[in-house]
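Colleague: One structure coming up, written as structure tokens, with questions to follow.
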Amino acid sequence: MIRSLREIVYKTIKSKTGRPVSDLYDLSRLYYYSWKNRKANRDHSIFYKNFRIKTPDVPLLINLINEIFLEETYFFKCESNNPFIIDCGANIGMASLYFKSLYPGSEILSFEANPEMYAYLKDNIEINDLKDISAFNAALSSKSGEATLYIPEKSPYLNPGIIKENINSKEIKVNAVCLSDYINEKTIDLLKIDIEGSENMVIKDLVNSGKIDLIKKIICEFHPKAGNDKDYLIKLLINKGFHLVVTEPKKNVFFLSK
């Protein structure tokens with residue numbers, strides 16, 4: 001999480017957008033707004049780039065902007081101007097907004113398990129009048145039904161998941177679905193996954209259902225939780241025709257393409 005102006009300057013220098021002055025202005029403005037409203041217990045509505053964004057927490061938004069818009073963790077090239085993208089772990093919708101900035105004609109399916117974050121996701125889609133984005137309030141798992149979502153007390157906005165950890169968490173019941181049930185015969189140009197430890201279950205579901213064959217590219221943030229093996233996951237996908245893309249990845253993020 002960005003906590004100081006010094007970090008803002010550093011993140012701006014490391015930015016991949018090629019617009020250091022604009023990035024420095026935007027982050028400094030958000031940092032000042034966060035400091036000024038640090039005691040405010042309310043929702044925030046902030047303009048960034050061409051989007052109006054609702055967020056429960058400005059430091060959360062700054063962190064997401066840095067990761068998604070400045071570091072461009074989910075950047076990908078596509079031959080089509082209208083790619084089909086699946087956003088697993090959409091949070092308040094920043095990755096979906098980023099994909100729309102890259103490809104305005106894209107079609108996106110966005111999944112978010114946390115009901116509170118899902119409400120912001122829906123709002124951010126609607127207030128920006130974004131077309132062809134379908135949002136689902138559901139956890140992704142290896143089977144459909146009810147699941148327990150664990151929301152950490154110290155990081156409730158970023159780290160909820162259906163894999164239990166040895167930390168203090170609030171527990172709520174949520175709907176769980178299989179991603180394969182939402183994929184028909186349409187080719188998926190990008191599958192983005194950031195689902196706090198459930199990535200193994202989702203990818204195995206896609207492999208077992210045969211729906212993995214419809215996916216061209218995968219960008220996955222791996223979470224080393226119980227039962228997860230990053231090398232196994234990558235090897236499984238390589239056996240299905242993917243190859244590991246050589247990039248400058250964020251720690252625990254891997255990018256595979258066919």
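We did not get these values from a lab; they are worked out from the coordinates using the rules stated. In this text the structure is predicted, and so the values were computed from the model without any measurement. Don't worry about glycine lacking a Cβ; one is built from the backbone with ideal geometry, like all the others, and counts go over all protein chains shown.
Colleague: What's the local net charge at I133, with K and R +1, D and E -1, over the other residues with C-beta under 10 Å away?
Modeller: The answer is -1.
Colleague: Just to be sure I understand the model, the point goes 7 Å from the Cα along the line to the Cβ. What's the resulting D181 to V245 distance in nm?
Modeller: 3.0 nm
Colleague: Starting from 0.36 nm per residue, how many nanometres of slack lie between E153 and R52 once their C-alpha separation is accounted for?
Modeller: 33.6 nm
Colleague: Which FRET efficiency, nearest 0.05, do S45 and S101 yield, Cβ-Cβ r, R0 25 Å?
Modeller: The pair S45/S101 has a calculated efficiency of 0.85.
Colleague: Counting only residues 5 or more places away or on other chains, whose amide H sits under 5 Å from the amide H of Y48 once H atoms are built in the peptide plane?
Modeller: I53
Colleague: Something else about it: Can you pull out the GluC sites (Glu not before Pro) in the range 39-130 whose DSSP state is coil and whose Cβ has at most 12 other Cβ atoms within 10 Å?
Modeller: E79
Colleague: Next up: When the gyration tensor of the range 76-257 is built from Cα positions, what are the square roots of 5 times its three eigenvalues, in whole Å, from largest to smallest?
Modeller: The equivalent ellipsoid of the range 76-257 has semi-axes of 23, 21, 15 Å.
Colleague: What nm value, rounded to one decimal, do you get for the distance between S209 and E79 when each label is placed 7 Å out toward the C-beta?
Modeller: Here the answer is 2.6 nm between the modelled labels.
Colleague: For each of K154, K192, K251, count neighbouring Cβ atoms within 10 Å of the residue's Cβ, then give the residues from fewest to most.
Modeller: K251, K154, K192
Colleague: Quick one: if the Förster radius is 22 Å, what FRET efficiency do S142 and N168 give, using the C-beta to C-beta distance and rounding to 0.05?
Modeller: Taking R0 as 22 Å, the efficiency between S142 and N168 is 0.25.
Colleague: Considering only the range 76-257, what is the antiparallel percent among its DSSP beta bridges, to the nearest 5?
Modeller: 45 percent
Colleague: May I pose another question? Once you place label points 7 Å from the Cα toward the Cβ at K258 and D132, how far apart are they in nm?
Modeller: 2.0 nm
Colleague: For a test of the definition: using alpha carbon positions, the gyration tensor, and the 1.5 limit on a/c, classify the range 38-105 as rounded, prolate or oblate. Intermediate results must be reported in sequence, preceding the final value.
Modeller: Numbers: a/c = 2.41, a/b = 2.22, b/c = 1.08.
Here the range 38-105 falls in the prolate category.
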